[in-house]
1. Just to check I understand the Karplus step: with θ = phi - 60° and J = 6.51 cos²θ - 1.76 cosθ + 1.60, what whole-Hz values come out for segment 2-8, glycine and proline as x?
2. So what are the ³J(HN,Hα) numbers for segment 106-113, from phi and the Karplus equation (6.51, -1.76, 1.60; θ = phi - 60°), rounded to whole Hz, Gly and Pro as x?
3. At a Cα cut-off below 19 Å, give the aspartates and glutamates reachable from LYS43, other chains included and same-chain residues fewer than 8 away excluded.
4. Kindly provide the helix-only [θ] at 222 nm of the chain, computed as the sum of -39,500 (n - 2.57) over DSSP H runs of four or more divided by all residues, to the nearest 500 deg cm²/dmol?
5. On the protein heavy atoms, probe 1.4 angstrom, tell me the percent of accessible surface of the chain carried by carbon and sulfur.
6. Suppose every Lys and Arg Cβ carries +1 and every Asp and Glu Cβ carries -1, with no other charges. What dipole size does segment 1-110 come out with about its Cα centre, to the nearest 20 debye?
7. Considering only GLY42, GLY111, GLY53, give the residue with the highest GNM mean-square fluctuation for the chain, with springs between Cα atoms whenever their separation is below 10 Å.
8. Once amide H atoms are placed 1.01 Å from N in the peptide plane, what residues at a sequence separation of 5 or more from GLY16, or on another chain, have their amide H within under 5 Å of its amide H?
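The values are calculated or read from the model by the stated rules, or taken from the named source; none is laboratory data. Note that the structure is a prediction, hence the values are computed from the model and not measured. Neighbour counts are summed over all protein chains in view; Cβ atoms, including those assigned to glycine, are modelled from backbone coordinates with ideal geometry. In case anyone asks, the SASA skips ligands and DNA or RNA and just uses the protein heavy atoms, side chains included. Shrake-Rupley method; radii C 1.70, N 1.55, O 1.52, S 1.80 Å.
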Amino acid sequence: QVQLVESGGGLVQAGGSLRLACAASGRTFSSYAMGWFRQAPGKEREFVAAITGSGLITSYADSVKGRFTISRDNAKNTVYLQMNSLKPEDTAVYYCAAGATTQGLRASIVGSWGQGTQVTVSS
């Protein structure tokens, strides 16, 4: 199992940008598909984006496609989520997740979760 620690959340105005990072422990980081999820107050946790272990294939929720970009640096055991053109409805706690495949992550089949980082977008 891999341990995950997110960073980079904060308060930003609508239209602004933030970059989240998730640092992972362990020597087998590149063998995991990685993903980002979010949970807004009163709502269920939802899939945001995922990336394969090689970093060659990515997958996004329709609500963030074209605005968010997921990437990873396997040498640094870190996955990123670049969030541009942020909207108030993007306000949520964002969680990093590790899994076997991106398809599995989209289906919320997750092996490890981070503790979450708050993102607040003001209008």
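1. 10, 9, 10, 10, 8, 8, x
2. Running phi through 6.51 cos²θ - 1.76 cosθ + 1.60 with θ = phi - 60° gives 4, 8, 6, 8, 10, x, 9, 10 Hz.
3. ASP62, GLU89, ASP90
4. Working: 1 runs with 5 residues, N = 123.
So the calculated ellipticity at 222 nm is -1000 deg cm²/dmol.
5. After summing per-atom areas, the C and S share lands at 49 percent.
6. About 140 debye.
7. Residue with maximal mean-square fluctuation among GLY42, GLY111, GLY53: GLY42.
8. LEU86
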